[in-house]
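Please read the structure below before turning to the comments.
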């Protein structure tokens, strides 16, 4: 296998791995527990916004997974991540040092996911995608 063919597979695997967190986590956004947790974190109208955020994450993740309008899907992920990161992972306001450290790690993880979404929004889905075939 040529180096360029191997790198195309690497890009596909990266896209699949990246999208899975959004697709898999979106399912939980339709649970009562997720709504209650978000409400306790100060999310307004959590019973409406939590399921909507789950739908946005699912559609964005699926778009990136399939490489179908992946730039749009990446913007959906950005729309999902910005408020979720700022509202759900406010480590700076947590008194307990262990919980603060956990929330800081989640905040930084989301920043890295946001960075990757912005790269996909710019570069697109890459090889082995529906976008590339069109």
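Taken together, the values in this text are just the output of simple stated rules run on the coordinates, not laboratory data. The structure displayed is predicted, hence computed values, not measured ones. Note: ideal-geometry Cβ built from the backbone for every residue, glycine included; neighbour counts use all protein chains shown.
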The chain: angle of helix 97-123 to the longest principal axis, Cα-based, in degrees nearest 10: 30
What residue among 87, 106, 98 has the largest mean-square fluctuation in a Gaussian network model of the chain, using Cα springs under 10 Å? 98
Between residue 41 and residue 94, with labels modelled 7 Å along Cα→Cβ, what's the label distance in nm to one decimal, could you check? 1.0
Expected max-MSF residue from 44, 83, 97 in the GNM of the chain (alpha carbon, under 10 Å) is 97
Cα-based equivalent ellipsoid of the chain: semi-axis lengths in Å, sorted from largest, via gyration tensor: 31, 17, 11
Distance in nm between pseudo-label sites at residue 71 and residue 27 (7 Å out along the Cβ direction from Cα): 3.3
Sorting 92, 72 on the 10 Å Cβ count, fewest up front, what's the list? 92, 72
Would you mind pulling out the separation of the Cα centroids of region 112-129 and region 1-41, in Å? 13
With the chain treated as a Gaussian network of Cα nodes joined by springs under 10 Å, which of 35, 50, 78 yields the largest mean-square fluctuation? 35
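If eta is 0.692 mPa s and T is 37 °C, what Stokes-Einstein diffusion coefficient results for region 38-77, Kirkwood Rh from Cα pairs, in µm²/s? All intermediate terms of the calculation are to be shown ahead of the outcome.
Details: Rh = 10.7 Å.
Diffusion coefficient, whole number: 307 µm²/s.
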Rounded to the nearest 0.05, what FRET efficiency is calculated for residue 2 and residue 104 with R0 set to 25 Å and r the Cβ-Cβ distance? 0.05
